[in-house]
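K.L.:
Before I ask anything, here is the structure I am working with.
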Amino acid sequence: ASRGSTATRADMGQVSSTAFLVNLSSLLLNLSMPFVSDPSKAALIRRDDQVFKSPGFGHGAFPADTTPLYPGFDMPTADLVPSKGGVNFITQCFFLTMRAMHLGMRQQFEKHDHVERQIAMLHRRSPDPARDPHFLGLLGFKLASEVSSFDPPLVAKWCSFMGTSASWIQQILGEGQRFHVPEHFLDDVVSIPIFLQRLAPTLLMDVMEPLTR
């Protein structure tokens, strides 16, 4: 489930784990690479909200109260019957990957920031951090999360995908189109590179080329 996944203290009995969502992001990124690497295929990503009207799309991945980029353009109601021709696979894959990246990678980065602050606080207050089980537990969590967060092949695929995402957002903004776009689409394109630049600048520079296409 995605509802509640972005909460600071999510109920793990009700939501998918961050690790699962990061793995799901990786899988969807792999599915996205054929159209990310081919501008003619990326051009097939629809610039409307018809995908949300497809019966059963995402199976709850996009809750009805998902914050819209444009105020007043809320999540549309799903059709009872699929439209003729439906929505192409590339569009569905694009939207689902954006959502999985937000719930997985983005949330893992934010938790990493939160844990770093806790570690810094405990390091100041603990008389012997090297023997403090709470400090060591948080440090272990931080290091483990960095293994998946800073995996070079994953970050390279993410940069390629976000380059395509940024181009798509630029197109709809440039065309002046107004329809339901989740606000986090734009927020994630901006926020995740800032996180990587701060914590893994060398890695980001190594895989930055796709963002300049």
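K.L.:
Picking from 80, 69, which residue would you name as being of a type outside the set (Gly, Ala, Ser), touching a Pro at 6+ places or on another chain (Cβ under 8 Å), modelled with pLDDT under 85 and on the phi < 0 side of the Ramachandran plot?
P.N.:
80
K.L.:
Next up: Which one is farthest from residue 192 (Cα to Cα), of the residues in region 113-132 that are open to solvent by 80 Å² or more (accessible area, probe 1.4 Å) and either assigned to a helix (DSSP H, G or I) or in contact (Cβ under 8 Å) with a residue 24 or more places away in the chain (or both)?
P.N.:
If we take residues in region 113-132 being open to solvent by 80 Å² or more (accessible area, probe 1.4 Å) and either assigned to a helix (DSSP H, G or I) or in contact (Cβ under 8 Å) with a residue 24 or more places away in the chain (or both), then 131 is farthest from residue 192 (Cα to Cα).
K.L.:
Which one is nearest to residue 146 (Cα to Cα) among residues in region 87-102 that are open to solvent by 10 Å² or more (accessible area, probe 1.4 Å) and assigned to a helix (DSSP H, G or I)?
P.N.:
Across region 87-102, the extreme among qualifying residues is 102.
K.L.:
Would you please name the residue that is farthest from residue 173 (Cα to Cα), looking only at residues in region 51-66 that are at pLDDT 85 or above and more than 21 Å from the chain's Cα centre (by Cα)?
P.N.:
54
K.L.:
Considering only residues that are open to solvent by 30 Å² or more (accessible area, probe 1.4 Å) and closer than 22 Å to residue 181 by Cα, which ones fall in region 34-53?
P.N.:
Selection gives 39, 41, 43, 44, 46, 47, 48, 50, 53.
K.L.:
Scan region 141-158 and give yes if some residue there is part of a helix (DSSP H, G or I) and among the basic types (Lys, Arg), otherwise no.
P.N.:
Yes; the residues of region 141-158 include at least one that is part of a helix (DSSP H, G or I) and among the basic types (Lys, Arg).
K.L.:
A follow-up question, please. Given the conditions (1) open to solvent by 70 Å² or more (accessible area, probe 1.4 Å); (2) among the polar types (S, T, N, Q); (3) outside any helix (DSSP H, G or I), report the number of the one that residue 23 does not fulfil.
P.N.:
Checking residue 23 against (1) open to solvent by 70 Å² or more (accessible area, probe 1.4 Å); (2) among the polar types (S, T, N, Q); (3) outside any helix (DSSP H, G or I), the one that fails is (3).
K.L.:
All but one of (1) assigned to a helix (DSSP H, G or I); (2) without any contact (Cβ under 8 Å) to a residue 12 or more places away in the chain hold for residue 72; state the number of the condition that does not hold.
P.N.:
In the conditions (1) assigned to a helix (DSSP H, G or I); (2) without any contact (Cβ under 8 Å) to a residue 12 or more places away in the chain, residue 72 misses (1) alone.
K.L.:
Could you tell me whether residue 211 is over 18 Å from the mean Cα position of the chain (by Cα), modelled with pLDDT under 90 and of a type in the set (A, V, I, L, M)?
P.N.:
Criteria not met by residue 211.
K.L.:
Further, regarding this structure: If residue 84 satisfies every condition in (1) out of contact with any Asp or Glu (no Cβ under 9 Å at 6 or more places or on another chain); (2) surrounded by 15 or more Cβ atoms within 10 Å (Cβ to Cβ); (3) over 20 Å from residue 29 (Cβ atoms); (4) not aliphatic (A, V, I, L, M) but one, which is the exception?
P.N.:
Every listed condition holds for residue 84 apart from (2).
K.L.:
Could you list, in sequence order, all residues of region 154-213 that are touching an Asp or Glu at 6+ places or on another chain (Cβ under 7 Å) and open to solvent by 10 Å² or more (accessible area, probe 1.4 Å)? First the steps, then the outcome.
P.N.:
Residues of region 154-213 that are touching an Asp or Glu at 6+ places or on another chain (Cβ under 7 Å), as a first pass: 179-180.
Residue satisfying the conditions is 179 alone.
K.L.:
Within region 133-147, track down each residue that is surrounded by 15 or more Cβ atoms within 10 Å (Cβ to Cβ) and either free of Cβ contacts under 8 Å to residues at least 24 places away in the same chain or farther than 15 Å from residue 113 by Cα (or both).
P.N.:
First pass over region 133-147, keeping only residues surrounded by 15 or more Cβ atoms within 10 Å (Cβ to Cβ): 135, 138-139, 141-142, 145.
Within region 133-147, 135, 138, 139 meet the criteria.
K.L.:
Next up: Out of all the residues in region 69-81, which are under 21 Å from residue 177 (Cα atoms) and surrounded by fewer than 17 Cβ atoms within 10 Å (Cβ to Cβ)?
P.N.:
Across region 69-81, the qualifying residues are 70, 71, 72, 73, 74, 76, 77, 78.
K.L.:
Additional query: Exactly one condition in (1) touching an Asp or Glu at 6+ places or on another chain (Cβ under 8 Å); (2) surrounded by fewer than 18 Cβ atoms within 10 Å (Cβ to Cβ); (3) under 16 Å from residue 191 (Cβ atoms) is not met by residue 64; state its number.
P.N.:
Among (1) touching an Asp or Glu at 6+ places or on another chain (Cβ under 8 Å); (2) surrounded by fewer than 18 Cβ atoms within 10 Å (Cβ to Cβ); (3) under 16 Å from residue 191 (Cβ atoms), the lone unmet condition for residue 64 is (3).
The values are calculated or read from the model by the stated rules, or taken from the named source; none is laboratory data. From a predicted model like this one, the values you see are computed outputs, not experimental measurements. Don't worry about glycine lacking a Cβ; one is built from the backbone with ideal geometry, like all the others, and counts go over all protein chains shown. Only protein heavy atoms, including side chains, enter the accessible area calculation; ligands, DNA and RNA are left aside. Shrake-Rupley method; radii C 1.70, N 1.55, O 1.52, S 1.80 Å.
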